[in-house]
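**Student:** One structure coming up, written as C-alpha cells, with questions to follow.
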There are 2 protein chains.
Amino acid sequence: MTATHHFGFDIEASCPTTSARAGVFQTPHGPVRTPAFMPVGTRATVKGLMPRDLAEVGSQMLLANTLHLHLRPGEDVVERLGGLHAMMGWDGPILTDSGGYQVFSMSDLCSLDANGASFKSVVDGSSVRFTPERVMDIQKKLGADVIMAFDHCPAVPTDRAQVSAANERTHLWLDRCVARHQENGGIAGGQALFGIVQGGAFEDLRRASVEAVCSHDLAGYAIGGVSVGEAPELIGRTVRAVAPLLPADRPRYLMGVGTPKDFFDAVLSGVDLFDCVTPTRNARNHTAFTSRGRVNVRNRGFTEDAGPLDPECDCVACTRFSVGVLRHLCTTGEMLAGTLLSLHNLRFFHALMERMRASIIAGTLEQLEAEVKERYSRRVSPEDIQESGRATCP
Amino acid sequence: MTATHHFGFDIEASCPTTSARAGVFQTPHGPVRTPAFMPVGTRATVKGLMPRDLAEVGSQMLLANTLHLHLRPGEDVVERLGGLHAMMGWDGPILTDSGGYQVFSMSDLCSLDANGASFKSVVDGSSVRFTPERVMDIQKKLGADVIMAFDHCPAVPTDRAQVSAANERTHLWLDRCVARHQENGGIAGGQALFGIVQGGAFEDLRRASVEAVCSHDLAGYAIGGVSVGEAPELIGRTVRAVAPLLPADRPRYLMGVGTPKDFFDAVLSGVDLFDCVTPTRNARNHTAFTSRGRVNVRNRGFTEDAGPLDPECDCVACTRFSVGVLRHLCTTGEMLAGTLLSLHNLRFFHALMERMRASIIAGTLEQLEAEVKERYSRRVSPEDIQESGRATCP
C-alpha cells in the first residue's frame, strides 16, 4: 500500500446489509471522517464564509477549482501567496477539481483534440490551453492535498458514441496525468491524485472505465459525469452500478452530487466523499434545507416567526437568529442572509453525514434511511413548520 | 442625577490640556468605554458581519435606523421578533437613530409641517407620516438602549433662514419627544433619550440650540447636522464650538462623522461617541484604512503580496489572510472581500479609539495626535507599504 502512504484510508465500520462504510481518510492536513461532504470554494473562498465558521459547522475538507484559479489569480500567484491553504485561511485538507467538467460544460467555446482542450477565458477572452500535464502542473502549484485527473466529461451522458470517445480520451489522459504527477513528486510530495471514472449512463462503458482507471494504483477514485443533466433515476442507477466496483480500500468520491436523498443512495452503495454547490447556492437564493424539508425563507408566513428556522439544528443561524430575522435579511437583500443560510445548509449537510456515519457504526443505517427519505426532500411551508410545535428562539 | 439612573456616565480621566475625556457610559446591556465608535447596522445588520466577529474587533455599541426598520419589517414585527437585540443577535448596547436625517435628506419626497413630516416610502411608495410622538413610539417598540429625538436636520447648513426655522422646529419637537418618552416609561423603562443640537454652520444658532436642548435633563446629547455637505473645515469649527458647551457629565455624541482626523479633533473637543458608515461602506468599495494611510486593495501592486494588509493590525483579515488574497477576493467580486475589509476597517477605527482612550488616561494625547494626523489620512500605494518593510503573513 505504498501509494497511499500519506493518504491512508481506514475503514472503521461497514454496514452489515449494504455497501456503506464509515472511514477515516488521512491527508497531510489532517483526517477526513467519512462519509463526508466537501463545501465548494471555487475561487478559493466558500462564498461569504469565514474559515472558522466553516470549521464550526463541521466542514473537514474544502474544494477549490483549478480552472477558475488558473484564470484568476493564476497558479503562479497562488503559489507566491503561499498556496491554497494560505489563500483560503484553511489549515485542513483541500481538494482541487481539475476543471475538466467546467471546460467541457462551456463546450461551445472549447475545441478538443487528442492532446487537450483549447478554450477562451471567460475573464478576458484570452486563449487557454489545458493538457493533462498542464493541469497536473497547475494543481501542483495550487497545492491542494488531493488533485483530480484531467478527464473528459461528455456533455450528453446518453449519446453512446460521444461517451465512448470521452471514455477513451479520459483513460489516455489519466496515463499522462499519472506520469506527470510522478514527475512532480508523486504522493510522496504531499499531494495525492484521484482518478475519475466516466462512462455516462452506459453500464458497460462505466465498467470499462472502472477497469482502466483502477489499473492505476491511486489514493482514491471518483465517479464523474453524474448529475450533468440526465434523469434523476439514472444518477442512482449509475452510482449503484459503479461504486461497488471501485477498490474497497480507497476512498470513493461522487463528484457534484447533490441532495440528501442522493447522498443516502450513494452512501448505501459505498461512496465516501461528496461535493456540491447545492447547500451554498441554494442558501444565496434563500432556500434552506431543514429537518422538516426544504424551505423558502422569503415566505411571507415567516414574517413574525420568532422561532428558529430548524429547531433541530445547532448552527449559528438557528441558535442566534429567528426565522423571522432571516426572512428580513433575505427580503432586504442583506449579505448576512446568504452567509447565515450557507452556514445553516452546510451544517445540515454535515450533520446528515455525521448521522449516517454514526448509524453505519451502530448498524442502524436502514432506520435512518426511511426517516431521511421521508423528511428531507419535501418542500414545506411555514405552516408545516409552525404546526409541528417549536420552542421559540433563545 | 435621577434622569441618568440606568445610564450613568463616569469620567475616568480628563486630558489636562484639552477637553478630551475617557469615560464609561452605562446601559442596560453593558458599558461603553469612551471615546467609542459605533458601527452602523441600518437595517438591523452591520452589512455582512456576524455579531461575534463584531465583538471581536472591539465593537461595543451598534446603531440601527428607525426609518429603515419602520419601512421594513416594521416596528411591530421587530417587537414580535423580540426587539432589536434579538434581531441583531447582539447582547450589547444598541442605539437607534430617529430617521430625522434620512427623512430630510430625501426632502424632494418629503413635505414638512409644524407637526411632523410626510413622505413616500422608498420601499413601496406608500405614504408615511412621522411626528415626534410617532418616532418615540416606533423606537420604543424597536427596543434600543438609546433612542434619538426626532429633529429637523436642515438640508443646507449655511442657509440662515432655513437653519433658524429648523432649529425652532427641532426644539419644539424635542419638547414633544421628551413628553412622549416619559409617557412611554421614560428612562426607568430601560431606554434613554438623547437630544440633538442643530444650528448648521452658525455659531449663535448652535449656542441657542445647545441652550434649548440642554434645558431638558437627558442621558446624553448629540451634535447633529454636521458633515452634511459643508466644507471640511466647517465640521471642525462647529464641533469645537459646540462640544464644550454640552453638559460635561453626560456623553456627547457627534452624529455621522467620519474619518480618523475628524475623530481626533472631536475627541480633543470633548466628544465621546461617534458613528459613521465610513469604515463599512469604504470596505465594500475595497478601500482600507491602515496604519500607513488609506489603501485601494484592488491595486495591481498587491497581486503577489503575501504580507498582511496592515502589519500593525490584529484583525482576522490581517492575521489570517495576505493582502494578495484580499485583492483576489476584491477583484473576483467575492462576498468575503467586503466582510473581511469591513472587519479590518472597524478594527482600525476601534483600535484608534482605544489608543485615544489610553492616551487620555496616560496624559499623552498630544503625542498621539501628531502621529495620527500625519499617518492616517494619507492615501498610500502598495510601494509605500512594501517599502516600509513588513513581516510576511502567518
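The values are calculated or read from the model by the stated rules, or taken from the named source; none is laboratory data. Everything quoted here is computed from the prediction, not taken from an experiment. Backbone-built Cβ (ideal geometry, glycine too); neighbour counts: all protein chains shown.
**Student:** Within region A:291-305, work out how many residues are of a type in the set (Val, Ile, Thr) and either at pLDDT below 95 or touching a His at 6+ places or on another chain (Cβ under 6 Å) (or both).
**Tutor:** 1
**Student:** How many of the residues making up region B:155-173 are touching a helix residue (DSSP H, G or I) at 6+ places or on another chain (Cβ under 6 Å) and within 20 Å of B:Thr96 (Cα to Cα)?
**Tutor:** 2
**Student:** If you go through region B:141-197, how many residues are part of a loop (DSSP other than H, G, I, E, B), among the charged types (D, E, K, R) and surrounded by fewer than 18 Cβ atoms within 10 Å (Cβ to Cβ)?
**Tutor:** Matching residues across region B:141-197 total 1.
**Student:** In region A:5-28, how many are more than 21 Å from A:Thr259 (Cα to Cα) and either within 14 Å of another protein chain (Cβ to nearest Cβ) or in contact with a helix residue (DSSP H, G or I) (Cβ under 7 Å, 6 or more places away or on another chain) (or both)?
**Tutor:** Counting residues in region A:5-28 that are more than 21 Å from A:Thr259 (Cα to Cα) and either within 14 Å of another protein chain (Cβ to nearest Cβ) or in contact with a helix residue (DSSP H, G or I) (Cβ under 7 Å, 6 or more places away or on another chain) (or both) gives 7.
**Student:** Please tell me if A:Asp314 is within 12 Å of chain B (Cβ to nearest Cβ) and either on the phi < 0 side of the Ramachandran plot or in contact (Cβ under 8 Å) with a residue 40 or more places away in the chain (or both). Walk me through it before giving the result.
**Tutor:** Working: within 12 Å of chain B (Cβ to nearest Cβ): no; either on the phi < 0 side of the Ramachandran plot or in contact (Cβ under 8 Å) with a residue 40 or more places away in the chain (or both): yes.
Taking the combined requirement at face value, the residue does not satisfy it.
**Student:** So, in region A:318-358, exactly how many residues are closer than 18 Å to A:Arg284 by Cα, within 12 Å of another protein chain (Cβ to nearest Cβ) and either surrounded by fewer than 24 Cβ atoms within 10 Å (Cβ to Cβ) or of a type outside the set (D, E, K, R) (or both)?
**Tutor:** Result for region A:318-358: 22.
**Student:** Among the residues of region B:263-277 satisfying the criterion of being in contact with a helix residue (DSSP H, G or I) (Cβ under 8 Å, 6 or more places away or on another chain) and closer than 24 Å to B:Ile147 by Cα, which is modelled with the lowest pLDDT?
**Tutor:** Here the residue is B:Phe263.
**Student:** Within region B:70-95, can you find the residues that are in contact (Cβ under 8 Å) with a residue 40 or more places away in the chain and at the interface with chain A (Cβ under 9 Å from one of its Cβ atoms)?
**Tutor:** Passing the criteria: B:Arg72, B:Asp76, B:Val78, B:Met87, B:Met88.
**Student:** Something else: If a residue must be within 29 Å of the chain's Cα centre (by Cα) and either farther than 20 Å from A:Gly74 by Cα or not hydrophobic (A, V, I, L, M, F, W, C) (or both), how many such residues does region B:300-321 contain?
**Tutor:** Of the residues in that region, 13 qualify.
**Student:** I need every pair where a residue in region A:209-224 that is in contact (Cβ under 8 Å) with a residue 60 or more places away in the chain has its Cβ under 6 Å from the Cβ of a residue that is charged (D, E, K, R) and in a loop (DSSP other than H, G, I, E, B), sequence separation at least 6 or different chains.
**Tutor:** A:Gly220/A:Arg250; A:Gly224/A:Asp151
**Student:** Which number in (1) touching a Pro at 6+ places or on another chain (Cβ under 6 Å); (2) free of Cβ contacts under 8 Å to residues at least 60 places away in the same chain marks the one condition that B:Gln182 misses?
**Tutor:** Against the list (1) touching a Pro at 6+ places or on another chain (Cβ under 6 Å); (2) free of Cβ contacts under 8 Å to residues at least 60 places away in the same chain, B:Gln182 comes up short only on (1).
**Student:** Could you count how many residues in region B:27-51 are surrounded by fewer than 19 Cβ atoms within 10 Å (Cβ to Cβ) and in a strand (DSSP E or B)?
**Tutor:** Total satisfying the criteria: 3.
**Student:** Can you tell me which residues in region A:38-53 are within 16 Å of the chain's Cα centre (by Cα) and within 11 Å of another protein chain (Cβ to nearest Cβ)?
**Tutor:** A:Gly41, A:Thr42, A:Arg43, A:Ala44, A:Thr45, A:Val46, A:Lys47
**Student:** Given the criterion outside any helix (DSSP H, G or I) and away from every other protein chain (no Cβ under 12 Å), identify the matching residue among A:Val226, A:Val267.
**Tutor:** A:Val226
**Student:** Is one or more of the residues making up region B:282-289 crowded, with 24+ Cβ neighbours inside 10 Å and within 14 Å of another protein chain (Cβ to nearest Cβ)?
**Tutor:** yes
**Student:** In region A:75-104, what count of residues is obtained for those that are under 29 Å from A:Asn167 (Cα atoms) and surrounded by fewer than 23 Cβ atoms within 10 Å (Cβ to Cβ)?
**Tutor:** Residues meeting the conditions: 4.
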